[in-house]
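Reading through the structure tokens given below for one structure.
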Amino acid sequence: MHLYYGRHGRRAATAAAMAALLLPLAACGGSGKSAGDGKSITMWTFKQSHVKPLQDAAARFKDQTGISVTIQAVTPDDAYTAKLQSAAKTNGLPDVLEVHTQGEDFVYGGAGLLTDLSDKVDASWTRGMVPSVRKAGVVTPRLEAASKKPGSAYPGVKAGARYSVPFTIGTFGIVYANKAKLAEAGVSSVPKTWEDLVAAVKATTKKDKRKGGITVGLGTASTGLNWALQPMAFGALGKAGYQGLFGRDSGKTWASPNGQKVLSLYDKLTPYWAPGAQSLSIDAADRSFAQGDAAFDIGGTFTLASLRQFGMKPDEVEAFPIPAPKGGKATDRSLAAFSLTSLAVTTQSKNEAADLKWLRFLAKPDVAGTFAKAATDLPAVDLGDNPVRVVGPTLASLTKVFSSGSQVYDPNDTSFMPAQYPANWEKAGAALVNMSPLKRSSPRETGKQLDTLIKNYWAAGK
Amino acid sequence: MASLSVSKTPPPASAAPRATPAGSTGSTRRGPRRRVREAVTAYAFLTPAVLLFLALGLYTLGYGLALSGATWNGFSPEWTWVGLDNYLDLLYRSPVYAPIVRSAALHTLVVMIAVPLLTVAISFPLAVLLNNAARLRTMMRTVFFLPYVTSGIAVYLAWQYVLRPDGGVNALLRALGLGTLAQPQGFLGNPATALPTVIVVMVWTAVPVGMLLYLTGLQSLDPAMLEAASLDGAGWWRTNMHIAWPLLRPITAAVILLNLREALQGFQTFLVMTGPEGAPGGKTNVLGLQAYHLAFLEQMQPTLGLASALGWLLFLIAILLAALNLRALRSTT
């Protein structure tokens, strides 16, 4: 078959071929841009469990204001980061972002991608929040000074700027126990000390060797360190002793008697890790616990949402904070609530007034309460004296672990650590995983490795 | 007759049609115009591809090379130029990154040796067997090629499930009375078996292509040569090992090169099966995975330059290996 193309036909064919090649390029931007008419805005989140509750809130928001909000989730975290990097470059950022507080907000804010909300988020706005998080997201002078050092993760931040508003709060170091497995193993009370916890896990493991252990997503190596060892170490050594582990005085660091004491205590868990915990991601560990593959799961207040997502009912679990060891210096230690995620307005948004209305709407007590109950996540908004009425008994019980004062372990306080350490603690976590559960190193060797790492970070910060 | 007389009488030189290079008899005035038009059309079709190459090829290469000399977190408006510091930090200078890179390089080296060798060791015999199979050859070829066409994230996730402590492999071993070989922590959870297990999965993915290449090679060999060897008394083993194998050396080189490249730069198998930190405890961290980690999983520290530098180091190693491989191939053929 012969096809005849005239001169114009060939030109048309050429143009069509070029258009066919170039059009898909134009279509693969994945932009979050909205119209800029103030009537519709777009919001991106990295939490799948927040999507539906946010969409429900958006429906109410539209009824009240006529402004529609499109919610999009991008998961997991590395995909979210990559998506934001490309969107920032191509002027395709959405109007509103959900970010990790004192993480992405500072990075994006310092890069000029987020609007400084310091003159918009006034006392009338923050008054309704939990007191400990009211200033979360505000750049401190110390952070600005640190941001000017080489290798800082937050170059460009300005003291006093607020790049985000707290949205959800919580803390690390919460243990979830399967009530049925506890009962089967004859464990009748919630562990009050670290030794009680080890004994309880021993009992459940004895009852069911394969599915009675304790799990946490050790595939992300920092979880064992941040969520279990550190809160326990605070309880064992008290605030000063705990902070000394990360200091420059070798008489107080991980290889010292203090460090060896807490590493040895942590090592007592080694025989009782659920099989394969060392290769599980955080989500996979939560899923395995929800499916009955472990009797205990270590996480944070946010873990309850995951467990529910994986089919476990909140009343099937007992939740309690990582306990301090017997005779510890801070046995009455409690946990500080800190802002986990925040909301930010991008500088590429042309709907700033509508964005702020949306943020303010989400900070209303009734809206925040409804969101929290649906998302099984604690809101930054103060739930008042009767949180049970607002978010239900299990979620409300998590708020009981929060406190403030000198004996409070605040996972978010890294002021005594080398500046680069918090962004690199998975490297310290890997050393800990090699000790427990992998049994590849002793507490003594692990202490030396941790000290070397921390010493290097101190040296790098000079 | 009239026509014959016409043919014998040469036409005037000025009226004779000039032969074009293509043998056509088009007019001298239309030829160049047509050639120009054809050239324009050709360039018009080529332009999108050239533009795409410039945009997605040269630009990104140049961008990546420049980035390897800077520190940047992916968001800041400015890069901080550090020259060759990123390369030096990765190679020996940084007490934070150099030990991790060294450990990842060791794991990568193991993968680079094991995957190509095992792929060749399995693909060639498999291809010989398939080549000699009188029956069901097409069906068996399809079955053996299945791992390649089904490869992807879903398959790696499936492997992950099969290799779990309560997964299919352990269950099978226990059912066969080989419980001592079962891994209570899962094949990916035991530091001693994690890397070998991923290597096995990589080989499982690579064998189909290797086998197909060998099969193509075997079918292109001159049957007379094999027949002559047979008449001279060479058995099955000698025919394959002393005649077919040396003749297929270029294919072996190609299989090795393909798998070296995958072993050196590929990281998706590790990312899906053992996570971004190369669990357990970094025992399956390889250089490709480390580059990905530096780019996207360092909590937005300014390590994109380190990631890029590591990518360029991998590129240099790949070029070196390709050159060595080609040289080895040239010296033996």
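The values are calculated or read from the model by the stated rules, or taken from the named source; none is laboratory data. Nothing here was measured: the structure is a model prediction, and the numbers come from that model. Positions of Cβ are generated from backbone atoms using ideal geometry, with glycine treated the same way; all protein chains shown enter the neighbour counts. For accessibility, only protein heavy atoms count, side chains too; no ligands or nucleic acids. Shrake-Rupley method; radii C 1.70, N 1.55, O 1.52, S 1.80 Å.
Residue selection: A:Leu362 satisfies the criterion of being surrounded by 22 or more Cβ atoms within 10 Å (Cβ to Cβ) and out of contact with any Asp or Glu (no Cβ under 6 Å at 6 or more places or on another chain). For segment A:263-278, the set of residues classified as within 14 Å of chain B (Cβ to nearest Cβ) and out of contact with any Pro (no Cβ under 8 Å at 6 or more places or on another chain) consists of A:Pro271, A:Tyr272, A:Ala274, listed by residue number. State the number of residues belonging to segment A:421-462 that are within 8 Å of chain B (Cβ to nearest Cβ), basic (Lys, Arg) and either more than 23 Å from A:Thr215 (Cα to Cα) or touching a Ser or Thr at 6+ places or on another chain (Cβ under 9 Å) (or both). Going through segment A:421-462 one residue at a time, the tally reaches 1. Just one residue in the set B:Pro208, B:Pro246 is closer than 28 Å to B:Ala133 by Cβ, assigned to a helix (DSSP H, G or I), more than 14 Å from chain A (Cβ to nearest Cβ) and open to solvent by less than 30 Å² (accessible area, probe 1.4 Å); that residue is B:Pro208.
Evaluating B:Pro48 against the criteria (1) surrounded by 14 or more Cβ atoms within 10 Å (Cβ to Cβ); (2) out of contact with any helix residue (DSSP H, G or I) (no Cβ under 8 Å at 6 or more places or on another chain); (3) within 8 Å of another protein chain (Cβ to nearest Cβ); (4) not aromatic (Phe, Trp, Tyr) leaves one unmet condition, (2).
Condition first: small (Gly, Ala, Ser) and more than 9 Å from chain A (Cβ to nearest Cβ). Now tell me which residues in segment B:292-308 satisfy that. Of everything in segment B:292-308, those that are small (Gly, Ala, Ser) and more than 9 Å from chain A (Cβ to nearest Cβ) turn out to be B:Gly305, B:Ala307, B:Ser308.
If you take the residues of segment B:74-100 that are touching a helix residue (DSSP H, G or I) at 6+ places or on another chain (Cβ under 6 Å) and of a type outside the set (A, V, I, L, M), which of them is farthest from A:Leu84 (Cα to Cα)?
Checked segment B:74-100; the qualifying residue farthest from A:Leu84 (Cα to Cα) is B:Tyr92.
Scanning for something within 14 Å of chain B (Cβ to nearest Cβ) and open to solvent by 20 Å² or more (accessible area, probe 1.4 Å), does segment A:126-140 turn up at least one residue? No, segment A:126-140 contains no residue that is within 14 Å of chain B (Cβ to nearest Cβ) and open to solvent by 20 Å² or more (accessible area, probe 1.4 Å). When the criteria are applied in full, A:Ala111 meets the requirement of being among the hydrophobic types (A, V, I, L, M, F, W, C) and touching a Phe, Trp or Tyr at 6+ places or on another chain (Cβ under 6 Å).
Considering only residues that are of a type in the set (Gly, Ala, Ser), more than 12 Å from chain A (Cβ to nearest Cβ) and open to solvent by 40 Å² or more (accessible area, probe 1.4 Å), which ones fall in segment B:172-195?
Selection gives B:Ala175, B:Gly177.
How about segment A:77-103: which of its residues are under 24 Å from A:Thr414 (Cβ atoms) and in contact (Cβ under 8 Å) with a residue 60 or more places away in the chain? Correct list: A:Leu97, A:Glu98, A:Val99, A:His100, A:Thr101, A:Gln102.
Residues in segment A:77-93 that are within 9 Å of chain B (Cβ to nearest Cβ) and within 16 Å of the chain's Cα centre (by Cα) were compared, and the one that is surrounded by the most Cβ atoms within 10 Å (Cβ to Cβ) is A:Thr81. Mind checking whether some residue in segment A:94-113 is at pLDDT below 95, in the same structural domain as A:Leu343 (by TED's automatic domain parsing), open to solvent by 40 Å² or more (accessible area, probe 1.4 Å) and in a helix (DSSP H, G or I)? The answer is no; no qualifying residue exists.
From B:Thr269, B:Thr239, which residue is in a helix (DSSP H, G or I), surrounded by 18 or more Cβ atoms within 10 Å (Cβ to Cβ) and touching a Phe, Trp or Tyr at 6+ places or on another chain (Cβ under 7 Å)?
B:Thr269
Looking only at residues in segment B:55-85 that are aliphatic (A, V, I, L, M) and away from chain A (no Cβ under 13 Å), the one that is farthest from the chain's Cα centre (by Cα) is B:Leu84. Can you find even one residue in segment A:378-389 that is under 19 Å from the mean Cα position of the chain (by Cα), open to solvent by 40 Å² or more (accessible area, probe 1.4 Å) and closer than 25 Å to A:Val317 by Cβ? No, because not a single residue in segment A:378-389 is under 19 Å from the mean Cα position of the chain (by Cα), open to solvent by 40 Å² or more (accessible area, probe 1.4 Å) and closer than 25 Å to A:Val317 by Cβ.
Of everything in segment B:69-98 that is modelled with pLDDT of 90 or more, in a loop (DSSP other than H, G, I, E, B) and among the small types (Gly, Ala, Ser), the residue that is surrounded by the most Cβ atoms within 10 Å (Cβ to Cβ) is B:Gly69. For segment A:347-360, the criterion of being without any contact (Cβ under 8 Å) to a residue 60 or more places away in the chain and in a helix (DSSP H, G or I) is satisfied by no residue at all. Restricting attention to segment A:252-283, the residues that are modelled with pLDDT under 95 and surrounded by fewer than 20 Cβ atoms within 10 Å (Cβ to Cβ) add up to 2. For segment A:390-417, the set of residues classified as open to solvent by less than 10 Å² (accessible area, probe 1.4 Å) and among the hydroxyl-bearing types (Ser, Thr, Tyr) consists of A:Tyr409 only.
Only one residue in B:Gly288, B:Gly278, B:Gly282, B:Gly233 is part of a loop (DSSP other than H, G, I, E, B) and away from every other protein chain (no Cβ under 14 Å), so which one is that? Selected residue: B:Gly233, the only one of B:Gly288, B:Gly278, B:Gly282, B:Gly233 that is part of a loop (DSSP other than H, G, I, E, B) and away from every other protein chain (no Cβ under 14 Å). Scanning segment A:220-238 for residues that are farther than 16 Å from A:Phe296 by Cα, within 11 Å of chain B (Cβ to nearest Cβ) and open to solvent by less than 10 Å² (accessible area, probe 1.4 Å) turns up just one, A:Ala221. The sole residue among A:Lys427, A:Lys439 that is in the same structural domain as A:Pro257 (by TED's automatic domain parsing), farther than 14 Å from A:Trp254 by Cα and within 20 Å of the chain's Cα centre (by Cα) is A:Lys427.
Out of the residues in segment A:194-213 that are open to solvent by less than 30 Å² (accessible area, probe 1.4 Å) and within 14 Å of another protein chain (Cβ to nearest Cβ), which is nearest to the chain's Cα centre (by Cα)?
It comes out as A:Gly213.
Exactly one residue out of A:Pro257, A:Pro191 is over 23 Å from the mean Cα position of the chain (by Cα), of a type outside the set (A, V, I, L, M) and farther than 22 Å from A:Phe416 by Cα, and it is A:Pro191. The criterion of at least 1 residues that are among the polar types (S, T, N, Q) and closer than 30 Å to A:Gly110 by Cβ is met by the following helices (runs of 4 or more DSSP H) wholly inside segment A:160-267: A:230-244. Would segment A:161-173 turn up any residue that is within 24 Å of the chain's Cα centre (by Cα), within 14 Å of another protein chain (Cβ to nearest Cβ) and open to solvent by less than 40 Å² (accessible area, probe 1.4 Å)? So far as segment A:161-173 goes, yes, one or more of its residues are within 24 Å of the chain's Cα centre (by Cα), within 14 Å of another protein chain (Cβ to nearest Cβ) and open to solvent by less than 40 Å² (accessible area, probe 1.4 Å). Against the numbered list (1) open to solvent by 30 Å² or more (accessible area, probe 1.4 Å); (2) within 30 Å of A:Gln102 (Cβ to Cβ); (3) of a type in the set (A, V, I, L, M), B:Leu304 comes up short only at (1).
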